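> My questions all concern the structure below.
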Ligand SMILES: [Zn+2]
């Protein structure tokens, strides 16, 4: 903070006192340039981060909304709630630590996708289908195809296990 008298930006704190029910800290500072003293006040910023939607409207950042979006994408998938909670708190931290007052829904969507992709690919594709713009539809379709192939293989493997089990059961009942 620039000194009132000499424009020097370095100062040291010589005294700190709380004020306003401990919501504010008053600091007496001494300029390291000219040695004169001045007072600064420090309070916690309570301004909410605003989320800018595609149509330009804004609303307060809401972690619960992000959580609900992820839960929807993870329906019937093997993704534990604790993992979803970790993603949400990680994103919230990033949003609040950025010191920006506004963030777009697109930016939030990218943050979710980046993390979801590492957790479960099917959930990721479901989420991406909601958030990705048409601009990269072709790459999205390619990714979707790949995933459907993998899912099909997975299902086949699961069916085989079931068939094997059923056969075993039949064998058992014969005896
Ligand atoms: Zn000074």
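We did not get these values from a lab; they are worked out from the coordinates using the rules stated. All values reported here derive from a predicted model rather than from experimental measurement. A quick note on method: Cβ atoms are made from the backbone with ideal geometry, for glycine too, and the neighbour counts reach across all protein chains shown.
> Which shape class applies to segment 83-134: rounded if a/c is under 1.5, otherwise prolate when a/b exceeds b/c and oblate if not, where a ≥ b ≥ c are the square roots of the Cα gyration tensor eigenvalues?
The shape class here is oblate.
> How many nm is it between the label spots at residue 154 and residue 14, if each spot is 7 Å from the Cα in line with the beta carbon?
6.6
> What list do you get for 121, 64 if you sort them by fewest beta carbons within 10 Å?
The order, fewest Cβ neighbours first, is 64, 121.
> At 7 Å along Cα-to-Cβ for each site, give me the label-to-label distance between residue 141 and residue 104 in nm.
Distance between label points: 2.4 nm.
> Starting from 0.36 nm per residue, how many nanometres of slack lie between residue 93 and residue 46 once their C-alpha separation is accounted for?
Length gained between residue 93 and residue 46: 15.4 nm.
> Just want to confirm a number: the relative contact order over segment 25-114, from Cα pairs under 8 angstrom separated by 6+ residues, in percent.
For segment 25-114, the relative contact order is 29 percent.
> Given 0.36 nm per residue, what is the gain on full extension from residue 25 to residue 72 after removing their alpha carbon distance, in nm?
12.5 nm
> Does segment 50-139 come out rounded, prolate or oblate, given a ≥ b ≥ c as the square roots of the eigenvalues of its C-alpha gyration tensor, rounded meaning a/c under 1.5 and, failing that, prolate meaning a/b above b/c?
oblate
> Given an 8 Å cut-off on Cα distances and at least 6 residues of separation, report the relative contact order of the chain as a percent.
For the chain, the relative contact order is 14 percent.
> Sticking with this one: Expressed in nm to one decimal, what extension gain is obtained for the pair residue 161 and residue 54 from 0.36 nm per residue of sequence separation less their Cα-Cα distance?
Extending this stretch completely gives an extra 33.9 nm.
> Which shape class applies to the chain: rounded if a/c is under 1.5, otherwise prolate when a/b exceeds b/c and oblate if not, where a ≥ b ≥ c are the square roots of the Cα gyration tensor eigenvalues?
Note, shape of the chain comes out prolate.
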